[in-house]
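What follows is calculated from the coordinates using simple rules that are stated; it is not laboratory data. What you are looking at is a predicted structure, and each value in this text was computed from that prediction instead of being measured. Positions of Cβ are backbone-derived with ideal geometry, glycine not excepted, and every protein chain shown enters the neighbour counts.
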Amino acid sequence: MSAEHRGARAAADLIDAFNEGDWDRFRSHLKDDAVYEESGTGRRVEDAGTYVELCQGWRRALPDCRGTIRTELADGPVVAQEIAWEGTQDGPLETPAGTLPASGRRIEVVASVWYRFDGDRIAEVRHHLDVLTLLGQVGALPAPGG
């Protein structure tokens, strides 16, 4: 199996592990010093444990959250995914500006995630998430045109 194919499978399994809340399997794909950047919120973490905690926070805010991979590309140590995220904000959502209480509203946002592998494990994750749309959908911002 080629390195590109292994990387694509591992990146897809990472999303599947997130969907299932299987944090041990999620963590197993990451190097200990994995770097995670989230462009929509400006968050950056530099170790796998903190990245797992950050993802667990998303799951607390959106307990039924699921990511569906629409497109996936792999080239050498890099894998890119287009992901459709959807779920219901039934828990508090931590933001850089403070905590938003549960709204009970559904979200549907598209993101891209770029992974860089070092060997068989993920060294870097860059998540480009449409947070503006997400905040509008949970009622934290006025709806477009409103």
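Using the Kirkwood radius built from alpha carbon pairs, what does the Stokes-Einstein equation give as D for the chain at 37 °C and 0.692 mPa s, in µm² per second?
211
Kindly provide the GluC sites (Glu not before Pro) of the range 30-99 that DSSP labels as loop, not H, G, I, E or B, and whose Cβ sees at most 15 other Cβ atoms within 10 Å.
GLU46
Counting other C-beta atoms within 10 Å, and keeping those with at most 16, which DSSP coil trypsin sites (Lys or Arg not before Pro) do you find in the range 60-146?
ARG105
Hey, how many Å between the Cα centroid of the range 8-26 and the Cα centroid of the range 32-47?
Centre-to-centre distance over Cα atoms comes out at 17 Å.
Measure nothing fancy, just the Cα-based angle from helix 3-20's long axis to the longest principal axis of the chain, in degrees from 0 to 90, nearest 10.
Helix 3-20 sits at roughly 30 degrees to that axis.
222 nm [θ] for the chain, helices only, -39500 (n - 2.57) per DSSP H run of 4+, per residue, to 500?
-9500 deg cm²/dmol
How many nm is it between the label spots at THR68 and SER39, if each spot is 7 Å from the Cα in line with the beta carbon?
That separation, rounded to one decimal, is 2.3 nm.
With charges set only on the Cβ (+1 for Lys and Arg, -1 for Asp and Glu), what does the dipole of the range 33-146 come to about its Cα centre, in debye to the nearest 20?
Magnitude of the dipole: close to 420 debye.
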